[in-house]
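What follows is a single structure, written as structure tokens, with notes after it.
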Amino acid sequence: MTIETRKLDNGLLLIVAENPPVNAINAAIRQGLVGAIEQANGSDDVVAIVLSCKGRTFFAGADIKEFGNARKEGPTLHEVCQKIAHSTKPVVAALHGTVLGGGLEIALACHGRVAVEGTTCGLPESQLGLIPGAGGTNRLARLIGPKKALEFVVSGKQIGAARAEKLGVLDEVVAQNEVAAAISCALRMAQRGRFKSWSDDFPADFVVSTFEDFARKLTQKMANQDAPAACVRSVQRAMTMPFEEAIAADREEFARLSAGNQSLALRHAFFAERAAAKPKGFDIPGPVKSISKVTVIGAGTMGTGIAMSFTAGGIPATLIDTTQEALDRGLDRVRNLLATSARRGSISEEQAEQRLALLQWSRDIEQASDADLVIEAVYEDLAIKQDIITRLDALCDQSALIATNTSAIDIDLIAKDVRNRDRFVGLHFFAPANVMRLVEVVLGKETSAETIAASLWIAKKIGKVPVLSGNCDGFIGNRMVAKRGAQVDRLLLEGALPQDVDESLKCFGFPMGPLAINDMSGLDVGYAIRKRRGTPFPIADAVVEHGRLGQKTGAGYYRYEDGNRTPLPDPEIENLIASVSNAHGITRRTFSPDEMVARMIYPLVNEGARILEEGIALRASDIDAVWLNGYGFPRWRGGPMFHADSVGLSDLTKTLRDLARLTGDNSLTPAPLLNRLVADEMTFTDLDKENAEK
Ligand code: 3HC
């Protein structure tokens, strides 16, 4: 970490900060900045100041690792911002990269902001369960008005430089050399002698009731979370209280939120996702194999979604299928999805065209021969997959990676005839693959560390969250979800209704309930798997046997009206469920939402513990990354394993033991690892730490 100061002949002091990789603002940076501003203010030779950073970005925020440390060193970020704002010489920020959180707060405290094209700005604190803690909301609301400021802080999204300039967050955007432009700007300000960019004046037209209506609509889907409501309060204070008082209240709120469970969980999620991309034992010396051309075999829903993920990441992809009809359907799907994204504004028309231009298609599998990575994404049938993978092995360059996108089949079986199995890997994408961020990177018996490193690298490059998984039935996520499925069926059998089950998990924070999801995916696939394995689910099987296959037949656990995908409770299904319970001699009873949640979440944790014991997952936090990015687990609860730590492993284990006894279901018997952690008074987080230190 360094803070360099350079005095130029024209009286400008250039401050250059460096703290790789993202210039996170830690105690030393804060101390250095205060020192540099004081030095400039105390020197008659200095007329203006420019603040810049070395490396790939301006400050990308406060150092998250420092949060939660009881002892804070040196000046606070608020004090740094105040020092800058009250500088007697104008301070201009020269911005590049990702100007985020505390980084943007520092920039906002400056008297001017100049950015180079390509810079993005954001206040992502709400994504960490926080509000901007150093006056960011107050300065922003005064600068761009309360509604725009509220949207900005609640969403936590990054915006591009052009939009930030239009909003008034930036003063100037230049094509290159932002430092030179910032220097000119600072010197102009010094000459004019006026350099205030925000003020204590409140906009005259601030109407509390209109703002509250707007805020209610904006945050209505986030009722479970603390941070959005705190952002609303913060903007409201910015509009109604003197600056210093509003900031003091923000700082109290920030301290309260950062000590709370939701922020702890969200910070855990942040680090879990990054740790998952770096599995211990798979770091290879030297650069990873570069991947610049990808081929996807199979133009179905999965294949097109996977190809779209690569083109979205700027990587050319070729889709291959055997019939022109399948290719046409796949391409129509891609075009429609891109057009919808452009219409909704999530990408521009230009981006949609660029992505389409990166996509090629062919009926000839030979076209895969020059790809660096080929992913097979055809129907889940072992013989078909084996055939394709064996052909790819023969025709692709020996250095190319070959991957299967199976969600359930043993990947070593798929590769049994492959000659060079060290370059063979499972890449399990989640539907819809163009949206879902999770990719399970599945390790075959002979997959090399180089192949894993390249797979993790490419997945991260296209914006996915890769998690290494051992090769077992269902890998990490689906193996766990099967345990939840069994409990859902039992709950229905013992007295709950589909809408009760779904509602309890929605209240817990999942975006959809498991039964509505099953209806959406189609109930016949699971039915076929259960028949094959000989594991009956009495209710689920009866639903399918009554011809209710989910949304596609207009009825499943719910009924659906024509052209409408809203699940509607159905008295017919309630009768059917009651009759199956009756046939099993079960007296139906009611369940509290908490009991249902425990019955569905604790078995996940139990299976997660077994997965850890077997080494299928390397860390508990990897399991959390899987559930946060592939299964809609509420992020502010941190994932199933982090949630288990918050509940307390001792209580959770006792509940599992009681449930196993009550239901006679041995799969609910606590995993040995859970018993060991309880006996050692440890959490899953402690276990991860212990393993990291080994
Ligand atoms: N604090 C500490 N470490 C951070 C960090 C931060 N704010 N931001 C990133 N890092 C670390 C990551 O953990 C990672 O470490 P690792 O190499 O050991 O795994 C490394 O920097 C690189 O990060 P990424 O892998 O995420 O790199 P990318 O290039 O993909 O993304 C980024 C860069 C967009 C800056 C992304 O890291 C990011 O979004 N960071 C968080 C930004 C943020 O939330 N800032 C607000 C912090 S809260 C705050 O400022 C409070 C204030 O109001 C008081």
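Packing, taken as the mean count of other beta carbons within 10 Å per residue, orders the peptides 15-25, 599-609 from highest to lowest as 599-609, 15-25.
Based on the Cβ-Cβ distance from T590 to T76, what FRET efficiency comes out when R0 is 45 Å, to the nearest 0.05? The partial results should precede the final answer.
Numbers: r = 51 Å, r/R0 = 1.14.
FRET efficiency, T590 to T76: 0.30.
On a 0 to 90° scale, report how tilted helix 498-508 is relative to the longest principal axis of the chain, with both axes built from alpha carbons and the result rounded to the nearest 10. Tilt relative to the chain: about 30 degrees.
Scoring 564-574, 268-278, 128-138, 519-529 by mean Cβ neighbours within 10 Å over their residues and listing the highest first yields 128-138, 268-278, 519-529, 564-574. Grab the other residues whose beta carbon is less than 13 angstrom from that of L604, score K and R as +1, D and E as -1, and report the net. Every neighbour counted, the sum reads +4. Averaging over all projection directions, the Cα-based convex hull of the stretch 4-157 occupies 8.9 nm² in the image plane. Here the residues S621, S43, ranked from fewest to most Cβ neighbours within 10 Å of their Cβ, fall in the order S43, S621.
Quick check: net charge around D393, other residues with Cβ under 10 Å of its Cβ, Lys/Arg +1 and Asp/Glu -1? Net of charged neighbours comes to +3. As a proxy for reagent exposure, R344, R661 were ordered by neighbouring Cβ count within 10 angstrom, fewest first; the result is R344, R661. Out of all DSSP beta bridges with both ends in the chain, state the antiparallel percent to the nearest 5. Antiparallel bridges make up about 25 percent of those DSSP assigns within the chain. Once a ≥ b ≥ c are taken as the square roots of the eigenvalues of the Cα gyration tensor of the stretch 176-292, is the result rounded (a/c under 1.5), prolate (a/b larger than b/c) or oblate (a/b not larger than b/c)? Oblate is the answer for the stretch 176-292, as a/c is 1.5 or above yet b/c matches or exceeds a/b. Mean sequence separation of contacting Cα pairs (under 8 Å, at least six apart), scaled by the length of the chain, corresponds to a relative contact order of 9 percent. Please determine, in degrees from 0 to 90 and to the nearest 10, the orientation of helix 301-312 with respect to the longest principal axis defined by the Cα atoms of the chain, where the helix direction is its Cα long axis. Between helix and principal axis, roughly 20 degrees.
Straight-line cross-link reach from K689 at under 20 Å between alpha-carbon atoms covers these lysines, not counting any fewer than eight positions away in the same chain: K65, K278, K280. What 222 nm value per residue comes from the helices of the chain, counting each DSSP H run with n ≥ 4 as -39,500 (n - 2.57) and dividing by all residues, nearest 500 deg cm²/dmol? Computed ellipticity for the chain at 222 nm equals -15500 deg cm²/dmol. Roughly what angle does helix 382-395 make with the longest principal axis of the chain, taking Cα atoms, 0 to 90 degrees, to the nearest 10? Roughly 50 degrees between the two axes. Close amide-amide hydrogen proximity is noted between Q360 and A317, T318, L319, each under 5 Å apart and 5 or more residues distant or on a separate chain (H modeled in the peptide plane; Pro and chain starts excluded).
Label the stretch 36-116 by shape, choosing from rounded, prolate and oblate, from the square roots a ≥ b ≥ c of the eigenvalues of the Cα gyration tensor; if a/c is under 1.5 it is rounded, and otherwise prolate applies when a/b is larger than b/c, oblate when it is not. It would help to have the intermediate numbers written out before the result.
Working: a/c = 2.26, a/b = 1.26, b/c = 1.79.
Judged from the Cα gyration tensor, the stretch 36-116 comes out oblate (a/c at least 1.5, b/c at or above a/b).
What number comes out for the charge environment of M682, summing +1 per Lys or Arg and -1 per Asp or Glu over other residues with Cβ under 11 Å away?
Working: positive: R676, K689; negative: D645, D680, E681, D686, D688, E690.
Overall, the nearby charge balance is -4.
Pop out the Kirkwood hydrodynamic radius of the stretch 264-387 from its pairwise C-alpha distances, inverse of mean 1/r, in Å to one decimal.
Values: mean 1/r = 0.0611 Å⁻¹.
It is 16.4 Å.
In terms of surrounding Cβ atoms within a 10 Å radius of their Cβ, W457, W627 rank from fewest to most as W457, W627. When peptides 416-428, 226-238, 284-296 are ranked by their average number of other Cβ atoms within 10 Å per residue, the highest-first order is 226-238, 416-428, 284-296.
Quote the FRET efficiency, to the nearest 0.05, computed for D381 versus A431 with a Förster distance R0 of 25 Å and r equal to the Cβ-Cβ distance.
Numbers: r = 18 Å, r/R0 = 0.70.
With R0 = 25 Å, the Cβ-Cβ based efficiency is 0.90.
Under 15 Å Cα-Cα from K147, which aspartates and glutamates qualify once same-chain neighbours fewer than 8 residues away are excluded? Within the straight-line limit of under 15 Å, K147 reaches these aspartates and glutamates: D205, E212, D213. Taking every alpha carbon pair in the chain, what does the distance histogram look like in 20 angstrom bins from 0, in percent? Going from the shortest bin to the longest, the percentages are 16, 44, 33, 7, 0.
For the stretch 294-476, rounded, prolate or oblate, judged on the Cα gyration tensor with a ≥ b ≥ c (square roots of eigenvalues), a/c < 1.5 rounded, else prolate if a/b > b/c?
Working: a/c = 1.79, a/b = 1.45, b/c = 1.23.
The shape class here is prolate.
Where a number appears in this text, it was derived from the coordinates with a stated rule and is not lab data. Every value quoted in this text rests on a predicted model; they were computed, and no experiment measured them. Positions of Cβ are generated from backbone atoms using ideal geometry, with glycine treated the same way; all protein chains shown enter the neighbour counts.
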